[in-house]
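Accompanying notes for the structure given below.
We did not get these values from a lab; they are worked out from the coordinates using the rules stated. Everything numeric here is computed off the predicted structure, so don't read it as measured data. Here the Cβ positions follow ideal geometry from the backbone for every residue, glycine too, while neighbour counts run over all protein chains shown.
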Amino acid sequence: MLAPVVEIYVVWHPGDRSGPKIAERVSAHFRGGVGTGLISNPVETYIRSAGFRGPGDIPRSIPFPGGPGSRRPERGHFTVVVPVLDDEWIVAAEDTSGPWHAYARAIADAWADSPRHVGVFPVSTVKPGDRPTALESLFPQQRIGVPRTPEGAAPEPWSQALCRELAQGIAQLVAADQDGRLQVFVSHTRQTRTPDDPVGPGALVDLVMSVIGRTRVHAFLDAVSLQPGEDFAQRLYENAGRGAFLAVVTDLYSTRHWCLEELWTAKREGIPIVMLDALTHGEERASSLAGNARRVRVCMLEGGWSEPDVFRGVNLLVDDYLSYALWRHQSTSLRRYIDESTTRMSFHPPEAETLTAELKKHTQTATAPSTTHRFSVLHAGAPVRPTEAAQLRDVASLRGLVFESMTPQQFVALDRDRMRENGGTYMSDVLPTDALKGMRIGISVATSADLDRLGLAEIQFRTVLGELAQLVVTAGGKLAYGGNLRQDGYTLFLIEQMRTYAPSSRPLLNCLAWTEHRRLPLSELDLHREQFGRYGEIVCLSVDGEPVDPAADRGEAPVPATDPEIRHRALTGMRRYVMRHVDAHLLLGGKRGGFLGSLPGLVEEALLALEAGLPVYLAAGYGGVTSEIAKTLGLTGVPEVPHPSDATPPDPRFLDGLERLRALTDAPTWTGLHNGLTDEENQQLAGSHYPQEIAALASRGLGRLRQST
């Protein structure tokens, strides 16, 4: 696994209402668009607000690279802090001997000590006063998220400016030794406005330059950037191949020699490309060079071209530039595992034009005939589609070569043994196709009350589930989960993952306890079965955990069970049924109190799994009852949360469950978790909060178990 390159921490005082909105926007933007993937998400986002030891305390400290509490060395990793400067933190920080001033000071000192690896991008939600406050003095950096709106223009949404400027700032931090400030090359036809066409292509270029001028991006436009006497062609080639490339595609764009030369230069150099699609009458013939590029449609409105569309294109290009900077950073780690005489690295997926150029270069630079007759391109992004891959293989075959394209996840799967031998930093093996065929993995998950104090968010909690689901089903395995069918629950989230990644063979088994299916109308159960379709199966269970017809002895209306003893039996019966139908079990989160069964759900499932001799994986980095289970079983590295709010006072049933687990480990027959992981790897799994690392470690153990059978 490629570990995250950048960790973003959004920090705010719990009394400031703007913090949660900013954190949600930042988290959604970076987890939803930039660098996402099965093996590696180069950007992780975290929060710091809730008091670590309880209300009134400051948040958990930030583990800066190379500092206390960090698992990452300083070199090659970056920590980004987004402090939200609002009234309550400003007031609290005026006490220069107080904890909130000290917390801000620690961030400022980390930036001063390591400006190459720590970035601070403050967001201010209040008007500046006549003099800087103590907090503002600690954070003198340029504020982000302040739209620059010319007089008479419509204001840009603050959240849009916030995410663009943060993405640009992070990209420039990561690429500081390579590019510095982001430059966008604007490629366009030389059509200007005329009295007969006041809103033609020239007007669009003017709007593009106006929009870029309202950002902190630097633009290269030949009409204003080329100086008198400069070599026109040379300067165009130099600038079209660096930074990022924005093509203003109007009707005549594909007919212009210089436009296509500029586009080809950007393609050849592999930089980010976004096409602003502004066709009005249409093209006679589009250029094949425009393939594989991101496109944004720019609409013609009654008063002229759509400014929001242009902003969308520029913002997308900034995001792509961040992905590009992160890819170049990660590719340095990958290079030591490849044979550069037969493998090329590329940000863009290969296509016929770029592959032809690479093959030509390969032929010219090869010092000896290849003994393997293979040629590969390792690229960022999604895998090449089958039809495109077939065309690329045909092109390579003309030179007598066997061609393959690979994403980093495919590469790790192919070369995992060699990487381990070389002492690589990859956390795990992406499981090959059918590596888990015939295996079903049980998942026990419930919300953890510790998330906010650990500085984690619900979106990361779900990401762990998503990553694990992807790894298991793409390796031919199946999943089992005993959950409810609420719209905001984990069951429906898992079904969405199945729709995206799984085959049409109902890989998800969802087990409904007696009390769960009896409280639903029969028509709602039928609706859920239809929703699951070919991706999941719903099994309704009796009070003692045996499959039953949910329509037996009842009509359409719900028949909720109110007897606590029935609820206890039904939940235990459901958990026993799950354990009889899985080959391994993973636990995440869980409640210490307020549970409905005779024991906390995850404690009972851990007991049942261990008593049945099933391999168990404990992902305790998100706190909750899983962390208590891990500590009881002797795992170290579990994050400590002082005075958990959902364990005061401790529920006797919770303490009884832990005592039963402790008795298991004290018995002479106890020999460990038997989950395919070493003791060191189990400690690592217990302490990790990286979704990709958790999923990768679990998949490593599953793969070893499968190989040993």
Counting all C-alpha pairs of the stretch 487-538, share separated by more than 14 Å (%): 52
Per-residue counts of other Cβ atoms within 10 Å, averaged by peptide: what ranking do you get for 656-663, 211-218, highest first? 211-218, 656-663
Collect residues whose amide H, placed 1.01 Å from N in the peptide plane, falls under 5 Å from the amide H of GLN183; neighbours closer than 5 in sequence don't count. ALA244
Spatial separation of Cα centroids for the stretch 590-633 and the stretch 111-143, in angstrom: 43
Using +1 on the beta carbon of Lys and Arg, -1 on that of Asp and Glu, and nothing else charged, what's the dipole of the chain about the Cα centre, debye to 20? 1140
Quick check: residue separation of ASP553 and GLN183 times 0.36 nm, minus the Cα distance between them. What number comes out in nm? 126.2 nm
Relative contact order for the chain: what is it in percent, counting Cα pairs under 8 Å that are at least 6 residues apart? 10
Strictly over 18 Å apart at the Cα level, which of LYS591/LYS631; LYS267/LYS360; LYS478/LYS591 would you flag in this model? LYS478/LYS591
Calculate, axis by axis, the spread of Cα positions in the stretch 440-708 along the three principal axes, and write the results as whole Å, longest axis first. 52, 42, 38
Once phi is turned into θ = phi - 60°, what whole-Hz ³J(HN,Hα) does the Karplus curve with 6.51, -1.76 and 1.60 give for every residue of the stretch 511-519, x standing for Gly and Pro? 9, 9, 5, 3, 5, 7, 7, 6, 8
Residues whose modelled amide H sits under 5 Å from the amide H of ARG506, counting only those 5 or more places away in sequence or on another chain, are TYR535, GLY536
Amide H contacts of ARG297 (H built 1.01 Å from N, under 5 Å, at least 5 apart or other chain): ASP277
Quick one: which of 377-389, 503-515 comes out on top by average Cβ neighbours within 10 Å, and what's the full order, highest first? 503-515, 377-389
More than 45 Å apart: what percent of Cα pairs in the chain qualify? 31
Filter the chain for me: DSSP H helices, axial length by Cα at least 20 angstrom, mean Kyte-Doolittle hydropathy not below 0.0. List them by residue number. 158-174, 458-474
The local net charge around TRP514, scoring Lys/Arg +1 and Asp/Glu -1 for residues other than TRP514 whose Cβ lies under 13 Å from its Cβ, equals 0
Express as a percent, rounded to the nearest 5, the fraction of DSSP beta bridges in the chain (both residues included) that run antiparallel. 5
